[in-house]
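Trainee: Pasting a structure here, questions to come.
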Amino acid sequence: RQSKERQEANSSEDAPPTTQNFIIPKKEIHTVPDMGKWKRSQAYADYIGFILTLNEGVKGKKLSFEYKVSEAIEKLVALLNTLDRWIDETPPVDQPSRFGNKAYRTWYAKLDQEAENLVATVVPTNLAAAVPEVAVYLKESVGNSTRIDYGTGHEAAFAAFLCCLCKIGVLRVDDQIAIVFKVFNRYLEVMRKLQKTYRMEPAGSQGVWGLDDFQFLPFIWGSSQLIDHPYLEPRHFVDEKAVNENHKDYMFLECILFITEMKTGPFAEHSNQLWNISAVPSWSKVNQGLIRMYKAECLEKFPVIQHFKFGSLLPIHPVMSSC
């Protein structure tokens, strides 16, 4: 019987079960002691597994690397292009306070209204039942419309959105590189435009002690891209010339460029953690350290995870053991 169950478990990864009961994801982590439930959950195991699989997939590859672009990937990029166009159509308003432009709320209201329609353009009709569940993660991934802020919890929601699309079979194993290089990279561009246009506050920023005010994942995947690079070493990312010459090939350097555009003063002062990382001898050590840091600083922090939502695709129940 065990082996039959195992076979079923394996085959279900290839073809999602048609009997799946999709549900609207909701918050389950209400107090600090609930964090134990999260760390033992199937959602946590699947989420971190997804991040690490993509980390392995992009190892040693430039953004210009030739990879397959499926129809689902094209549709996701088109969805992100729509969000980008809405920013152009919703200019910032004149207001006394410098940060948190209220026009963001107008932009967000449009996404809130259209999210399911957008997701339906990516998901085939035989999986239409999954759309309301998956769309929640898209809405959670662009920032908070009350506080007009954005941070790593929102970024995690976008990764969860992509993870759900993998779980229902819309994205497949051979989409891995395109998920990071094409979809996630486009997502980053749109988020940076949102941050600049509406002057969004960083959510739960640790100031100079955090890695970055807004993102974390592109540093993980970006450092994986640089593993075994013939000449670029971690010490080079604080060198303006090296960044300017190579940022189009590597997400990590693109992040550094964005930070230096947005912040003034010495790099060691405004981005102390990154400055420290530049002293690490190899990219593989940087990569391993960032994964540990991501778990500790983002995935194991109550202020971040209290906002995470759980449904049928990323469930709160404990990990099912395979035997």
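Trainee: Return the residues of the stretch 92-122 that are touching a residue at least 60 places away in the same chain (Cβ under 8 Å) and either closer than 21 Å to PHE184 by Cβ or of a type outside the set (Gly, Ala, Ser) (or both); say none if nothing qualifies.
Mentor: Result: PRO92, ARG98, PHE99, ASN101, TYR104, TRP107.
Trainee: Would you point out which residue out of ARG199, ARG186 is touching a Pro at 6+ places or on another chain (Cβ under 9 Å) and open to solvent by 30 Å² or more (accessible area, probe 1.4 Å)?
Mentor: ARG199
Per-residue answers, yes or no, for (1) assigned to a helix (DSSP H, G or I); (2) within 22 Å of THR264 (Cβ to Cβ); (3) of a type in the set (Val, Ile, Thr):
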| site | (1), (2), (3) |
| --- | --- |
| VAL180 | yes, no, yes |
| TYR187 | yes, no, no |
| LYS193 | yes, yes, no |
| THR197 | yes, yes, yes |
| TRP221 | yes, no, no |
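Trainee: Turning to a different aspect of this structure: Go through ASP174, ASP213 for me and flag whichever is acidic (Asp, Glu), in contact (Cβ under 8 Å) with a residue 24 or more places away in the chain and surrounded by 22 or more Cβ atoms within 10 Å (Cβ to Cβ).
Mentor: ASP213
Trainee: Give the number of residues within the stretch 37-67 that are acidic (Asp, Glu), open to solvent by 40 Å² or more (accessible area, probe 1.4 Å) and closer than 16 Å to CYS166 by Cβ.
Mentor: Total satisfying the criteria: 1.
Trainee: Quick one: would you say VAL286 is surrounded by 14 or more Cβ atoms within 10 Å (Cβ to Cβ) and modelled with pLDDT of 95 or more?
Mentor: So VAL286 passes the test.
Trainee: In the stretch 41-59, what count of residues is obtained for those that are of a type in the set (A, V, I, L, M) and over 11 Å from ALA159 (Cβ atoms)?
Mentor: Total satisfying the criteria: 4.
Trainee: Right, here's the next one. Answer yes if at least one residue in the stretch 29-36 is assigned to a loop (DSSP other than H, G, I, E, B), open to solvent by less than 70 Å² (accessible area, probe 1.4 Å), under 27 Å from LYS295 (Cα atoms) and not hydroxyl-bearing (Ser, Thr, Tyr), and no otherwise.
Mentor: Yes, that holds for at least one residue.
Trainee: Of everything in the stretch 273-323 that's closer than 27 Å to ALA135 by Cβ and among the small types (Gly, Ala, Ser), which residue is farthest from the chain's Cα centre (by Cα)?
Mentor: Result: SER312.
Trainee: Right, here's the next one. Can you tell me which residues in the stretch 289-299 are modelled with pLDDT of 95 or more and open to solvent by 40 Å² or more (accessible area, probe 1.4 Å)?
Mentor: Across the stretch 289-299, the qualifying residues are ARG292, LYS295.
Trainee: Any idea which of LYS182, LYS193 is more than 30 Å from ASP94 (Cβ to Cβ), of a type in the set (Lys, Arg) and out of contact with any strand residue (DSSP E or B) (no Cβ under 8 Å at 6 or more places or on another chain)?
Mentor: LYS182
The values are calculated or read from the model by the stated rules, or taken from the named source; none is laboratory data. Here the structure is a predicted model, which means the values were calculated and not measured. All Cβ positions, even for glycine, are placed from backbone atoms using ideal geometry, and neighbour counts span all protein chains on display. Protein only, heavy atoms only, side chains kept; ligands, DNA and RNA dropped before computing areas. Shrake-Rupley method; radii C 1.70, N 1.55, O 1.52, S 1.80 Å.
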